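One structure below.
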Amino acid sequence: MPHEIPQTMGQQLGRRSWAEPWKIKMVEPLRVISREARGRALEEAGYNTFLLRSDDVYIDLLTDSGTSAMSDRQWAGLMLGDESYAGSRNFYHLEEAVRTYYGYRHVLPTHQGRGAEHLISQAVIKPGDHIPGNMYFTTTRLHQELAGGTFHDVIVDAAHDPQDLSPFKGDMDLAKLERLIEEVGAERIPYVSLAGTVNMAGGQPVSMANARALRELTTRHGIRLFLDATRMAENAFFIQEREPGYADRTIAEILREFCDLTDGAWMSAKKDNLVNIGGWLAVNDDAIFEELRNLVVVYEGLHTYGGMSGRDMEALAIGIEESVSDDHIRARIGQVRYLGELLTDWDVPIVQPVGGHAIFLDAKRFYPHIPQDAFPAQTLAAELYLDSGVRSMERGIASAGRDPSTGDHMRPRLELTRLTIPRRVYTQAHMDVVAESVKAAYDARHRARGLAMVYEPKYLRFFQARFEPLGAA
Ligand code: F0G
């Protein structure tokens, strides 16, 4: 019998393979501890993957935040750090990069995204205000609430359905927004909070058409439109791929067109912008900038460093430029999709379509026998770690926290476990190992019993909460 010719993955999938537009210059060894040791580590961590030591983790998919690999150009940029207290030349480089690629007039550095969220919330939200947004994000909503505001989710219904295949599940529902404006009055809405892609919905994108309609609606009511630009370069990829008229436009052009529809943005530069720490806040309005520039010296640092060192601002300025490269984004999202395709082939329930930064396992369908109050997504994160040392993150009832008015759990429709892919860090072989571990956890799903929360911190409880297993396996 003739030998069967081995096929490449691309041939098996009926298309040509792609490869990352970089090669590896430096490596960081990984180690995997025994299953027994993982069991001990998990118990010590209160079954919360945030409380594990990274030395006990094999493949770390906790987050794509601050976990990316910098390029040789960024590392070289660190050597060009100008650590002057005031007026560092690296700040001006950063300012120029934000102005060029995101298009806003005024730029302030912050130590990370939530530093920027804090400042914008304090500057424009008054007690009793209402802030509509396309699904909550944990830190964003908390800063809006701490400033006295109430967050309202006005995302399209499709976003809450993990099996709905709509191409832009991050879009705002304009009718919901109109109703809220009628109910509370435009004067009680300091801004509309738009994020692309939408993290808690599964990294789902917002269309340009929706942003345009939103701009028109908010202008008509005299309401500002602010953007959480954390993963907007990835959002631009989906517009290029799915929205008529954008196939021939570059990521950079699409990003700029989108941002030009908004009045300002905050940024966790630890994601799209390819740095390990940093953020920025940018607005067009002179009066708001005046207030923000004053506030930044209270909470972050002088307005030309805002919590960042000069070298970090240099690496960020270079990272911004690299992050809008079409080849980079295609490979980045391509790797996430590769993992998604494997899991889809094996009938593992995940959020579809696959989004930009992560695979989100649908814990409600994974563990239909575990009630939401027994933390199915948290349970799945623990089981995955036990199986292989792969670290993931809960994005369900624990992350959603409690309703500030009733004190009860908020019970989001989406109960997800996130496998978040750092940028430029892991290879296709790592993705294979991860997929096989998820498959093993899925095959053993009937044995999982759920968790009880035994310690609950007041703010952003998912970071530090502790759990104990319910019943014996
Ligand atoms: N906005 C979005 C959409 C985010 O995903 C994050 C962080 C922030 C704001 C806050 O930025 O962490 O720099 O203070 N998300 C991380 C994650 C923590 O794992 O999804 P930060």
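The values are calculated or read from the model by the stated rules, or taken from the named source; none is laboratory data. Predicted model, so just to flag it, every value in this text is computed and none were measured. Ideal geometry is used to build each Cβ from the backbone, glycine not excepted, and the neighbour counts take in all protein chains shown.
Within region 257-265, the presence of at least one residue that is in contact with a His (Cβ under 9 Å, 6 or more places away or on another chain), modelled with pLDDT of 95 or more, farther than 22 Å from GLN74 by Cβ and not in a loop (DSSP other than H, G, I, E, B) is confirmed.
Among the residues of region 234-269, those that are away from the ligand (no atom under 15 Å from the Cβ) and acidic (Asp, Glu) comprise GLU241, GLU243, ASP248, GLU253, GLU257, ASP260, ASP263.
Within region 442-465, can one find any residue that is closer than 30 Å to HIS328 by Cα, of a type in the set (S, T, N, Q) and part of a loop (DSSP other than H, G, I, E, B)? No, the conditions are met nowhere in region 442-465. Among the residues of region 361-382, those that are assigned to a helix (DSSP H, G or I) and surrounded by 24 or more Cβ atoms within 10 Å (Cβ to Cβ) comprise ALA363, PHE366, PRO376, ALA377, GLN378, THR379, LEU380, ALA381, ALA382. Here GLU234 clears all of (1) of a type in the set (D, E, K, R); (2) touching a residue at least 60 places away in the same chain (Cβ under 8 Å); (3) in a loop (DSSP other than H, G, I, E, B) except the condition numbered (3). Listed by position, the helices (runs of 4 or more DSSP H) inside region 21-139 whose residues that are out of contact with any helix residue (DSSP H, G or I) (no Cβ under 6 Å at 6 or more places or on another chain) and more than 27 Å from PRO412 (Cβ to Cβ) number at least 2 are 35-44, 72-78, 89-101. Going through region 270-324 one residue at a time, which ones are within 16 Å of the ligand (Cβ to nearest atom), among the aromatic types (Phe, Trp, Tyr) and not in a helix (DSSP H, G or I)? Once the filter is applied, which keeps residues that are within 16 Å of the ligand (Cβ to nearest atom), among the aromatic types (Phe, Trp, Tyr) and not in a helix (DSSP H, G or I), region 270-324 yields only TRP280. Show the residue pairs meeting these rules: Cβ distance below 6 Å; 6+ apart or different chains; first residue within region 265-278 and over 23 Å from ALA123 (Cβ atoms); second residue more than 10 Å from the ligand (Cβ to nearest atom) and of a type in the set (A, V, I, L, M, F, W, C). Close Cβ pairs satisfying both conditions: ASP272/ALA233; VAL275/ALA315; VAL275/LEU316. Considering every residue within region 317-331, establish whether at least one is over 22 Å from ILE239 (Cα atoms), of a type outside the set (Phe, Trp, Tyr) and touching a His at 6+ places or on another chain (Cβ under 7 Å). Yes: region 317-331 contains one or more residues that are over 22 Å from ILE239 (Cα atoms), of a type outside the set (Phe, Trp, Tyr) and touching a His at 6+ places or on another chain (Cβ under 7 Å). Of the residues making up region 82-102, those that are among the small types (Gly, Ala, Ser) and surrounded by fewer than 18 Cβ atoms within 10 Å (Cβ to Cβ) number 3.
When HIS409, HIS357, HIS446, HIS430 are checked against the criterion of being farther than 25 Å from ARG38 by Cα and more than 16 Å from the ligand (Cβ to nearest atom), HIS409 stands alone in meeting it. Of the numbered criteria (1) in contact (Cβ under 8 Å) with a residue 12 or more places away in the chain; (2) of a type outside the set (D, E, K, R); (3) at positive phi, the one LEU42 fails is (3). Applying the condition of being of a type in the set (Phe, Trp, Tyr) and closer than 19 Å to GLY66 by Cβ to region 242-288 and asking which residue is farthest from the chain's Cα centre (by Cα) yields TRP280. Only residues that are β-branched (Val, Ile, Thr) and in contact with a Ser or Thr (Cβ under 6 Å, 6 or more places away or on another chain): list them for region 139-182, please. Matches in region 139-182: none.
Does PHE137 satisfy being touching a residue at least 24 places away in the same chain (Cβ under 8 Å), within 16 Å of the ligand (Cβ to nearest atom), buried (at least 21 other Cβ atoms within 10 Å of the Cβ) and aromatic (Phe, Trp, Tyr)? The answer is yes for PHE137.
Checking every residue in region 146-158 against the condition of being in a helix (DSSP H, G or I), within 16 Å of the ligand (Cβ to nearest atom), touching a residue at least 24 places away in the same chain (Cβ under 8 Å) and in the same structural domain as PRO244 (by TED's automatic domain parsing) gives at least one match.
Of all the numbered requirements in (1) more than 30 Å from MET70 (Cα to Cα); (2) surrounded by fewer than 19 Cβ atoms within 10 Å (Cβ to Cβ); (3) β-branched (Val, Ile, Thr), THR427 misses one, and that requirement is (1). Please verify whether TYR58 is in contact with a Phe, Trp or Tyr (Cβ under 8 Å, 6 or more places away or on another chain), away from the ligand (no atom under 12 Å from the Cβ) and farther than 18 Å from ILE288 by Cα, treating the condition exactly as stated. It is false that TYR58 is in contact with a Phe, Trp or Tyr (Cβ under 8 Å, 6 or more places away or on another chain), away from the ligand (no atom under 12 Å from the Cβ) and farther than 18 Å from ILE288 by Cα.
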